[in-house]
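The values are calculated or read from the model by the stated rules, or taken from the named source; none is laboratory data. These figures come from a predicted structure and were not determined experimentally. So basically every Cβ, Gly included, is an ideal-geometry build from the backbone, and we count neighbours across all protein chains shown. Side chains are part of the model used for accessible areas, which takes the heavy atoms of the whole protein and leaves out ligands, DNA and RNA. Shrake-Rupley method; radii C 1.70, N 1.55, O 1.52, S 1.80 Å.
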Amino acid sequence: MLTSKTIDIIKSTVPVLEVHGQAITTTFYEMLFKNHPDLLNIFNHVNQRQGKQPQALANAVYAAALHIDNLEAILPVVKQISEKHRALNIQPEHYPIVGETLLAAMKQVLGDAATPEILNAWAEAYGIIADAFIGVEADMYDAVENISGGWLGFHKFVVDLKVKESDVITSFYLKPQDGKAIATYLPGQYITVRVKPDGEEYTHIRHYSLSTAAGAPSYRITVKKEAAATDKPAGIVSTYLHDSLNEGDIIEVSAPAGTFTLDQSQDIPVVLLSGGVGITPMVSMLETILKEQPNRYVTFIHAAIHGGVHALKEHVEQLDATHSHMKSYLCYELPRENDISHKTGYIDLAWLQQIVSPEADFYFCGPEAFMRAVNHALQELGVPAERIHYEFFGPASSLEA
Ligand code: FAD
Ligand code: HEM
């Protein structure tokens with residue numbers, strides 16, 4: 001237990017640390033990778049460079065510190081982060097490394113302002129926060145080891161089938177190399193792949209949403225190739241998957257994870273909105289509803305640039321044609337000559353008002369600008385926050401800012 005004096009020190013220093021938050025976590029990562037280069041096999045190098053991960057870590061530590069005397073209050077956030085940690089196979093012995101490095105970074109950035117009293121208080125607080133994460137993650141490791149078909153860490157899977165879904169998106173059907181059954185999952189969850197492309201010094205880990213309902217003998221992921229452009233290099237893992245991973249090849253996978261899942265405890269209408277490759281968790285949710293909640297009305301709205309980059313189009317059209325409780329809509333930003341869609345341009349409030357009721361449950365996923373626009377439109381529609389659910393295809397963030 002922390003003393004009330006220590007709690008006071010923690011709470012009074014959070015605002016100071018927030019001001020220097022980015023500097024502290026950036027210094028933290030420089031120190032971490034200098035002293036523990038093996039961790040570069042786990043962390044996403046691009047997220048580090050773009051500052052997204054340092055920001056996410058800083059926000060999480062300060063949110064936890066503010067609730068240090070009642071960590072229960074932030075349990076949903078801890079669970080969401082811990083799902084990613086579990087998918088990455090983060091272990092209890094990693095926590096002291098992160099704690100010591102964080103304190104060293106605070107000391108370096110804050111200089112004399114970081115008195116021994118403040119540093120001691122933070123060391124104690126970090127210990128409590130770390131224990132909370134380690135406890136939640138221990139339960140997750142237990143659960144994944146004990147469910148039928150579950151496994152710990154990364155297992156070898158074979159690419160059973162590779163299917164081109166559009167000019168830029170390809171699906172991979174993955175089966176365990178040992179021939180065993182696979183663990184089931186909830187619609188909206190992801191699996192995590194670990195690869196080491198030729199010429200790369202480190203392994204690279206990425207999450208991919210499962211793009212079908214559970215129940216098949218293989219997992220399907222559907223991946224957009226992040227091609228190189230004048231201002232950016234090619235995406236490491238998606239390019240490797242598209243260009244180098246073929247049927248019969250092996251890839252390492254960790255068990256399904258994630259808290260962005262369909263609430264099937266109720267029967268109210270559901271609206272699934274996606275932009276680009278954000279369609280993947282939505283198709284898993286759609287198939288699950290049609291299979292398991294056949295009386296639940298579902299509206300499927302997808303936005304793509306044009307038909308050439310639109311994945312799983314025929315599949316969704318076929319589901320729409322054969323299910324009376326489903327209706328799908330399409331929005332193309334820049335349609336090609338032969339593209340037929342319901343709307344040209346972007347999804348907007350006026351259009352949504354015509355096709356959905358605010359009384360539904362809303363789930364969405366896509367590029368950040370798409371998610372901000374959809375979130376804003378749903379708020380304007382009067383949809384309460386508890387019926388708005390979304391997933392970032394990167395470090396989790398807030399759409400409120
Ligand atoms: P990275 O190498 O990680 O690069 C990311 C982007 O940054 C690329 O566009 C790259 O061009 C750009 N970049 C790299 N370096 C620079 C630089 N120096 N300057 C400017 N730009 C740069 N993706 C899917 O396709 N399908 C899914 O179903 C899916 N599901 C996901 C689910 C979750 C929960 C999460 C978190 C992510 C999901 N993603 C999905 C995204 C996926 O995990 C990867 O982030 C994506 O494939 C890109 O990885 P990459 O290694 O190819 O690119
Ligand atoms: C991701 C917080 C400890 C490794 C994250 C994220 C947060 C976070 C907020 C982003 C989640 C997201 O992507 O949505 C914390 C906190 C910790 C902690 C508060 C301590 C109490 C650790 C430890 C390790 C670790 C001990 C292992 C060395 C990672 C990795 C990612 C991650 C590899 C994914 C980052 C990426 O690749 O982009 N963590 N973390 N974390 N964490 Fe932690």
Obtain the nm distance between the two label points defined at Lys313 and Tyr202 by a simple spin-label model: each point lies 7 Å from its Cα along the Cα-to-C-beta direction. 3.9
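Expressed in nm², what is the orientationally averaged projection area of the convex hull enclosing the Cα positions of region 58-102? Each step should come with its number before you reach the end.
Working: hull surface 13.8 nm².
Averaged projected area of region 58-102's Cα convex hull equals 3.5 nm².
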Using the Cα atoms as the points, what is the convex hull volume per residue of region 302-344 in Å³? 64
Pair Asp142, Leu334: separation of 7 Å Cα→Cβ label points (nm): 5.4
Looking at region 226-349, what % of its DSSP beta bridges pair antiparallel, to the nearest 5? 5
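Could you sort out which of Lys224/Lys291; Lys162/Lys313; Lys11/Lys84; Lys156/Lys196; Lys84/Lys313 sit more than 25 Å apart by Cα distance in this structure? Mind showing how you got there, number by number?
Numbers: Lys224/Lys291 27 Å; Lys162/Lys313 17 Å; Lys11/Lys84 27 Å; Lys156/Lys196 13 Å; Lys84/Lys313 30 Å.
Flagged as over cut-off: Lys224/Lys291; Lys11/Lys84; Lys84/Lys313.
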How high is the relative contact order of the chain, given as a whole-number percent (alpha carbon pairs under 8 Å, six or more residues apart)? 14
Just to compare against my own numbers: the Cα pair-distance distribution for the chain, 20 Å bins, whole % per bin, please. 25, 55, 20, 0
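Could you state the accessible area per residue of the chain in Å², with a 1.4 Å probe and every protein chain left in place?
Working: 18930 Å² over 401 residues.
About 47 Å² of surface per residue is accessible.
So which helices of the chain fit the span-like rule, where a helix is a whole DSSP H run, its Cα atoms reach 30 Å or more along the axis, and its mean Kyte-Doolittle is at least -0.5? Walk me through the numbers before you get to the answer.
Details: long enough: 116-146 (44 Å, 0.33).
Flagged H segments are 116-146.
Work out which GluC sites (Glu not before Pro) in the chain are exposed loop sites (DSSP not H, G, I, E or B, at most 14 other Cβ within 10 Å) and give the longest gap free of them. Working shown, then result.
On the way: sites that count: Glu93, Glu200, Glu201, Glu247, Glu337, Glu359, Glu400.
Longest gap between qualifying sites, sites excluded: 94-199.
How many percent of the accessible area of region 188-314 is carbon or sulfur, using a 1.4 Å probe? Can you show the working numbers first?
On the way: 2220 of 4660 Å².
Carbon and sulfur: 48 percent of the exposed surface of region 188-314.
Rounded to whole Å and sorted largest first, what semi-axes of the equivalent ellipsoid does the C-alpha gyration tensor of region 1-135 yield via the square root of 5 times each eigenvalue? Don't jump to the answer; show the numbers that get you there.
Values: eigenvalues 98, 69, 35 Å².
That gives 22, 19, 13 Å for the three semi-axes.
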Rg and Dmax of region 66-195, using alpha carbons, in Å: what are they? 19.9, 59
Of the beta bridges DSSP finds with both residues in the chain, what % are antiparallel, to the nearest 5? 55
What would the Debye equation give as log₁₀ I(q)/I(0) for region 157-287 at q = 0.11, 0.12, 0.16, 0.20 Å⁻¹, counting only Cα atoms as equal point scatterers? -0.40, -0.48, -0.82, -1.22
For region 237-311, what's the radius of gyration and Dmax over Cα atoms, in angstrom? 15.8, 44
